[in-house]
Amino acid sequence: MQLELLRQLSKPWQPHAFQKKGIKFLLEHAAAALFWDPGLGKTSATLAALKFLKERGHVKKVLLIAPKRVCYSVWPAEADLWMDFHELRLALLHGKDREEQLASDADIYLINPDGLPWLMQTVKTKSAVLGKTAVSVDLKRWKQFGFDTLVVDELSMFKHPQTNRFKALKQVLHTFQRRWGLTGSPAANGLIDLFGECYILDEGKALGRYITHYRHRYFLPSYDGFGLVLREGADEEIYKQVRPLALRMAAEDYLEMPQLIENDIRLDLPPEAQRVHDQLEADLLARIDEKTVVAANAAVASMKCRQVANGGIYLDDQVRALVKLPKSGREWVDLHTVKTDALADLVDELQGEPLLVAFDFEHDLARIRARLGDVPFINGSVSGKRSDELVRLWNAGKLPILLGHPQAMAHGLNLQEAGHHVCWHSLTWNYDYYDQFVRRVLRQGNKSKRVFVHRLIARGTVDEAVLTALRSKRRGQDALFEALRSRPRKR
């Protein structure tokens, strides 16, 4: 019903000059990426390019992969918003009627990554010797669909070549005549992310066909042996290889954007909670000194420290063996209320101004709601219909507080119409989620001249390491963006 009303109210699309530049770039490149900030209109620019090619018989069937929320809300709404795109027929390959939609005569078929195993009829086989999982695709069935163009909205979903979704898509890349990718955060967690993203576009022409070769060519083991660091001058080499593939545009260069103000609220944990954190941290450091920690275990240990900094922790055998905690009938135990108290103080200080709050763990959500009341939230378990309702209420100024999980809210939601305050109750290591969550509010159309990002940081905890890492990752991605924007493009 909403889309029908939107179509009735639609008007001709009048692209900005920078959008015309993006359309031209897509039309001139069979393998291309738009590294555009949210709000610049990469969806409508892509639709315009697809329409142009369709009218000339160069595109017949498009497979568009995007997060589920983006499939449901963003692309159909954009196609109905402008009269220019009404002739493009969209089919959503999700839900109980996906087989019927797949058989329909559409131009663009939308699917989220979790639907690819069904579409490709993938079969997973685990090696008994190496323990690796091989993925096979029914190519004969696949080719019958006749997809000739691939668009991946949020290209960063394919940054990890070892995932099953990447392995499956890799086997059908050669069947597409064009492959385009869209994202505002291509290297949010480091330049290592670019390999998988670029491979989806060009099958290895820019950065090589194998991730191991990419690592050996451009990276060295970090000093502690648990990560990778760039070789000297490797960043410039990577920029040079990626530049022909990607068109970078920053929102602040083309739109009137609010000023971003970051406010770090430093907090001290109670002595007992600090003791629990330090014991968990000491165990991690001891394992590192003994060279017994692999990356997965280190991530688990840091996650436990983050939980303690937030105010609670999930109970497992390792936690019980390391620290003495009060008994709990739940799977987690509450440790302190420092952050929820600080969040309540911030809410009081804002005097009713809307506040978007990022949380991470389930016990974070439980403690926040116990402190602030039955406030609404969006996470992976909330339906698309409920999410849309909350977005509408938020933009109407009817929600003083909205809680959100960064992974569930990082893409596809516009929340700039009523609020200009964001609070990180629970920081994340993932800069993509961090940056995109903030940009739900930091967008063109926000009526405030400033957007405030408040971060609750527990002193002497892993929070400080996470904050440092986020700043470093931002510098790394900014360096990539600057390189893509500043160098003259060679044709």
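The values are calculated or read from the model by the stated rules, or taken from the named source; none is laboratory data. Just so we're clear, the structure is a prediction, and the values are computed from it rather than from any experiment. Because the Cβ atoms are built from the backbone with ideal geometry, glycine has one as well, and the counts that use them run over all protein chains shown. For the accessible areas, the whole protein counts, side chains as well, though only heavy atoms, and no ligand, DNA or RNA atoms are used. Shrake-Rupley method; radii C 1.70, N 1.55, O 1.52, S 1.80 Å.
Can you tell me the relative contact order of the chain? Whole percent, Cα pairs under 8 Å, sequence separation 6 or more. Please list the in-between numbers first.
Numbers: 801 pairs, mean separation 76.8, N = 491.
Rounded, it is 16 percent for the chain.
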Fill in the blank from the handout: The set of residues whose placed amide H lies less than 5 Å from the amide H of residue 401, leaving out same-chain residues fewer than 5 positions away, is 355
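What number, rounded to the nearest 500 deg cm²/dmol, is the helix-based mean residue ellipticity at 222 nm of the chain, given -39500 (n - 2.57) per DSSP H run of at least four residues and division by all its residues?
Working: 21 runs with 209 residues, N = 491.
The per-residue figure over the chain is -12500 deg cm²/dmol.
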Problem - Integer Hz, Karplus 6.51/-1.76/1.60 couplings in order for segment 359-373, x for Gly and Pro - result: 10, 10, 8, 4, 6, 4, 4, 4, 5, 4, 6, 5, 7, 9, x
Completion exercise
For residue 31, other-chain or 5+-apart residues with amide H closer than 5 Å (H placed, Pro excluded) are 179
Practice task
Sort segment 431-481 into rounded, prolate or oblate with this rule: let a ≥ b ≥ c be the square roots of the eigenvalues of the Cα gyration tensor; rounded if a/c is under 1.5, and if a/c is not under 1.5, prolate when a/b is larger than b/c, oblate otherwise.
Solution key: oblate
Completion exercise
Mean accessible area per residue over the chain (1.4 angstrom probe, all protein chains present, square angstrom) is 47
Fill in the blank from the handout: For the chain, the dipole about the Cα centre with charges only on Cβ (Lys and Arg +1, Asp and Glu -1), to the nearest 20 debye, works out at 1740
Practice task
Can you tell me the dipole magnitude for segment 325-465 around its Cα centre, using point charges on the Cβ only (Lys, Arg +1; Asp, Glu -1), in Debye to the nearest 20?
Solution key: 360
Handout entry: Residue-wise HN-Hα coupling along segment 13-24, computed from phi with Karplus coefficients 6.51, -1.76, 1.60 (Hz; x: Gly, Pro)
Key = 7, 10, x, 6, 4, 5, 5, 4, 5, x, 4, 4
Practice task
Could you tell me which of rounded, prolate or oblate describes segment 44-170, using a ≥ b ≥ c as the square roots of the eigenvalues of the alpha-carbon gyration tensor, with rounded for a/c under 1.5 and, failing that, prolate when a/b is larger than b/c and oblate otherwise?
Solution key: prolate
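Per the 1.4 Å probe, what fraction of the accessible area of the chain, in percent, lies on carbon and sulfur atoms?
51
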Fill in the blank from the handout: Applied in sequence order to segment 439-456, the curve 6.51 cos²θ - 1.76 cosθ + 1.60 (Karplus, θ = phi - 60°) yields integer Hz couplings, x standing for Gly and Pro, of 6, 5, 9, 7, 9, 4, x, 5, 6, 8, 6, 9, 10, 9, 10, 9, 10, 8
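How much FRET efficiency would the formula 1/(1 + (r/R0)^6) give for residue 396 and residue 341, where r is the Cβ-Cβ distance and R0 is 30 Å, rounded to 0.05?
On the way: r = 29 Å, r/R0 = 0.98.
Once the sixth-power term is evaluated, E becomes 0.55.
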Practice task
Please find the FRET efficiency linking residue 139 to residue 262, where r is the Cβ-Cβ separation and R0 is fixed at 45 Å, and quote it to the nearest 0.05.
Solution key: 0.35
Exercise for the section: For segment 38-70 and segment 140-203, write down the distance between their C-alpha centroids in whole Å. Expected result: 15
Problem - Peptide ranges 461-468, 119-126, 401-408 listed from the most packed, as the mean C-beta count within 10 angstrom indicates - result: 401-408, 461-468, 119-126
Fill in the blank from the handout: Net charge (Lys, Arg +1; Asp, Glu -1) of residues whose beta-carbon lies under 13 Å from that of residue 161, residue 161 excluded, is +4
Problem - Rel. contact order, % - alpha carbon contacts under 8 angstrom, at least six apart, segment 337-475 - result: 27
Exercise for the section: Counting only C-alpha contacts under 8 Å and six or more residues apart, can you give the relative contact order of segment 10-80 as a whole percent? Expected result: 30
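Treating only the Cβ atoms of Lys and Arg (+1) and Asp and Glu (-1) as charged, compute the dipole magnitude of segment 67-159 about its Cα centre; round to the nearest 20 debye.
Details: 12 positive and 14 negative charges, 180 e Å.
For segment 67-159, the charge dipole is close to 860 debye.
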Completion exercise
Any trypsin sites (Lys or Arg not before Pro) in segment 84-118 that lie in a DSSP loop and have at most 16 other Cβ atoms within 10 Å would be 89, 96
Completion exercise
Everything considered on the Cα gyration tensor (a ≥ b ≥ c; rounded for a/c under 1.5, else prolate if a/b is larger than b/c, else oblate), segment 150-238 must be described as prolate
Exercise for the section: Grab the Cα-Cα distance for residue 171 and residue 209, subtract it from 0.36 nm times how many residues apart they are, and report the gain in nm with one decimal. Expected result: 12.4 nm
